[in-house]
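Participant: Here it is: the structure, laid out below.
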Amino acid sequence: MKIKAAVLDEVGKDFRIAEVDIDKPKSGEILVKVAASGLCASDLNAIDGKRKLVPFPAVIGHEAAGVVTEVGPDVSGIAVGDHVVMSIVPNCGECEWCKRGIPNYCATAGDAMSVGGLFDKTSRLSENGSKLNQFLCVASFAEYAVVPASGAVVIPKEMPLDRAALLSCAVLTGYGAVVNTAKVQPGSSVAVFGCGGVGLNSIQGARIIGARTIIAVDVSDEKLEIAKKVGATHTVNAAKEDPVAFVKSVCGGADYVFDASGREATISQAWLATGVQGQLTLVGLLKNGAQLTIDAGPFVNEQSIKGCYFGSANLQKDVISLVKSYLNGQLFLDELISERIGLEGLNDAVKRLRAGEGARNVLVFD
């Protein structure tokens, strides 16, 4: 089948819109008509080469939702017409990590992503007979995507698909970092460094869980205003004021601190803003080969640093819970969408993301 897709030929290049071929789904796979796909920092990491996430040429995009149009053999629980959220954490159910109960680290999925394919390490996308690599087992900057069924979650049809797309990465990661990874307690103090798509959802998670104090740190007044709308009780522009001193003036050092920036300098600030017996959770992805040098002094205060991948999410359980939270008005998603764009708007949206403008640009298809 011929479809339109945004193709990235190599690091640092602009997307080009092309007509490409997509194959039918194989065993354990589904074909989804993409309704919406968020433009995420992980996409930018691949575009700019910050992290080696996919071989090129490739179809990028991973934060997506759509409608199932075909189901491959050996798929159960998903039918044609179902609305689904697509995710970067499909699982084989058979590798060591899956058997240990942590399918987010599925080795089969990891191997597939490293070669730009699906579980059999081949891609369902091609152009003029040549392989196009699939980004993170999704490749959603296209009209259709073939994805592993284990990485899709069926959602209620009353959930708007452009907002559902955000659940598959930004919301699961940011919210999950608070609720699943750090296990923030009601009444505690929280500071979030970096108020992009992930950081804003960490702020939401802190609000929903009942944190008493929620401090948003960023260098963009625009993002800090959004942070107030989704739950921040205090904000500080780190380009104008020392964020460490500000956090300490508010709460003496936060019980839980989250870095969503993936920048070494910001992580050092976040660490110093962590309070006695507090925990810093690193949510943002650092570039390949990055190393951290931090002040060792706070360790005497029994402070700790914890990593985080995909918000320690339980895909099937957490997506459905978040859909319910949105539908009952508890989770804010409309406020996160800065602009809805078509394929032709992707390159400009990448420039805005690179410049730190807005919260989330969402690619939508008719």
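Participant: Say we look at the range 5-47 and pick out the residues that are charged (D, E, K, R) and in contact with a strand residue (DSSP E or B) (Cβ under 6 Å, 6 or more places away or on another chain); which of these is surrounded by the fewest Cβ atoms within 10 Å (Cβ to Cβ)?
Facilitator: The initial filter retains those residues of the range 5-47 that are charged (D, E, K, R), namely 9-10, 13-14, 16, 19, 21, 23-24, 26, 29, 33, 43.
Next cut, in contact with a strand residue (DSSP E or B) (Cβ under 6 Å, 6 or more places away or on another chain) only: 16, 19, 21, 29, 33.
Numbers: 16: 13, 19: 11, 21: 15, 29: 28, 33: 14.
So the residue we want is 19.
Participant: I've got another one for you. Residue 255 - would you say it is in the same structural domain as residue 225 (by TED's automatic domain parsing), in contact (Cβ under 8 Å) with a residue 40 or more places away in the chain and either within 30 Å of residue 110 (Cα to Cα) or not hydrophobic (A, V, I, L, M, F, W, C) (or both)?
Facilitator: Numbers: in the same structural domain as residue 225 (by TED's automatic domain parsing): yes; in contact (Cβ under 8 Å) with a residue 40 or more places away in the chain: yes; either within 30 Å of residue 110 (Cα to Cα) or not hydrophobic (A, V, I, L, M, F, W, C) (or both): yes.
Here the answer is yes, as residue 255 does meet what is asked.
Participant: On the given criteria, is residue 290 modelled with pLDDT under 95 and aliphatic (A, V, I, L, M)? Walk me through how you get there before you give the answer.
Facilitator: Details: modelled with pLDDT under 95: yes; aliphatic (A, V, I, L, M): yes.
For residue 290, the condition - modelled with pLDDT under 95 and aliphatic (A, V, I, L, M) - is met.
Participant: Do any helices (runs of 4 or more DSSP H) lying entirely in the range 258-366 carry at least 1 residues that are closer than 16 Å to residue 170 by Cα, touching a residue at least 40 places away in the same chain (Cβ under 8 Å) and not polar (S, T, N, Q), and which ones are they?
Facilitator: Working: elements: 264-272, 315-327, 346-354.
In the range 258-366, the matching helices (runs of 4 or more DSSP H) lie at 315-327, 346-354.
Participant: Follow-up. I'm trying to understand the selection: among the residues of the range 178-224, which are part of a loop (DSSP other than H, G, I, E, B), crowded, with 20+ Cβ neighbours inside 10 Å and touching a helix residue (DSSP H, G or I) at 6+ places or on another chain (Cβ under 7 Å)?
Facilitator: Answer for the range 178-224, where residues must be part of a loop (DSSP other than H, G, I, E, B), crowded, with 20+ Cβ neighbours inside 10 Å and touching a helix residue (DSSP H, G or I) at 6+ places or on another chain (Cβ under 7 Å): 184, 194, 195, 196.
Participant: Just the residues that are polar (S, T, N, Q) and touching a strand residue (DSSP E or B) at 6+ places or on another chain (Cβ under 9 Å), please, taken from the range 140-197. Steps first, please.
Facilitator: First, pick out the residues of the range 140-197 that are polar (S, T, N, Q): 140, 150, 168, 173, 180-181, 185, 188-189.
Within the range 140-197, 140, 168, 181, 185, 188, 189 qualify.
Participant: Applying the selection to the range 127-139, what residues are farther than 26 Å from residue 107 by Cα and in contact with a strand residue (DSSP E or B) (Cβ under 9 Å, 6 or more places away or on another chain)? Step through it out loud before you land on a result.
Facilitator: At the first step, the residues of the range 127-139 found to be farther than 26 Å from residue 107 by Cα are 127-130.
Within the range 127-139, 127, 128, 129 qualify.
Participant: Please pick out the residue among 143, 63, 96, 127 that is of a type in the set (Asp, Glu) and within 15 Å of the chain's Cα centre (by Cα).
Facilitator: On the way: 143 fails: within 15 Å of the chain's Cα centre (by Cα); 96 fails: within 15 Å of the chain's Cα centre (by Cα); 127 fails: within 15 Å of the chain's Cα centre (by Cα).
None of the others qualify; the one that does is 63.
To keep it simple, each residue is scored yes or no on (1) β-branched (Val, Ile, Thr); (2) surrounded by fewer than 18 Cβ atoms within 10 Å (Cβ to Cβ); (3) more than 14 Å from residue 315 (Cα to Cα).
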| site | (1), (2), (3) |
| --- | --- |
| 84 | yes, no, no |
| 91 | no, no, no |
| 95 | no, yes, yes |
| 99 | no, yes, yes |
| 105 | no, yes, no |
| 108 | yes, no, yes |
| 116 | no, no, yes |
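Participant: Now a separate question. Give me a count of the residues in the range 80-121 that are free of Cβ contacts under 8 Å to residues at least 60 places away in the same chain and either of a type in the set (A, V, I, L, M) or outside the structural domain of residue 25 (by TED's automatic domain parsing) (or both).
Facilitator: Going through the range 80-121 one residue at a time, the tally reaches 5.
Participant: Now a separate question. Would you say residue 197 is in contact with a Gly (Cβ under 9 Å, 6 or more places away or on another chain), at pLDDT below 95 and under 16 Å from residue 333 (Cα atoms)?
Facilitator: yes
Participant: Please determine whether any residue of the range 145-161 is hydrophobic (A, V, I, L, M, F, W, C), touching a residue at least 12 places away in the same chain (Cβ under 8 Å) and in a loop (DSSP other than H, G, I, E, B).
Facilitator: Scanning the range 145-161, I find at least one residue that is hydrophobic (A, V, I, L, M, F, W, C), touching a residue at least 12 places away in the same chain (Cβ under 8 Å) and in a loop (DSSP other than H, G, I, E, B), so the answer is yes.
Participant: Here's another thing I want to ask about it. Out of the helices (runs of 4 or more DSSP H) lying entirely within the range 3-118, which hold 1 or more residues that are polar (S, T, N, Q) and touching a helix residue (DSSP H, G or I) at 6+ places or on another chain (Cβ under 9 Å)? It would help to see each step written out before you state the result.
Facilitator: Numbers: elements: 41-48, 96-99, 107-114.
Result: 41-48, 107-114.
Participant: If you scan the range 84-114, which residues turn out to be within 17 Å of residue 25 (Cα to Cα) and of a type outside the set (A, V, I, L, M)?
Facilitator: Across the range 84-114, the qualifying residues are 87, 90, 91, 92.
Participant: Another question, if that's okay. Using the structure shown, decide if residue 277 is in contact with an Asp or Glu (Cβ under 7 Å, 6 or more places away or on another chain) and surrounded by fewer than 21 Cβ atoms within 10 Å (Cβ to Cβ). Walk me through how you get there before you give the answer.
Facilitator: On the way: in contact with an Asp or Glu (Cβ under 7 Å, 6 or more places away or on another chain): yes; surrounded by fewer than 21 Cβ atoms within 10 Å (Cβ to Cβ): yes.
The answer is yes for residue 277.
The values are calculated or read from the model by the stated rules, or taken from the named source; none is laboratory data. Since the model is a prediction, treat every value here as computed from it, not as a measurement. Cβ atoms come from the backbone with ideal geometry, glycine included; neighbour counts cover every protein chain shown.
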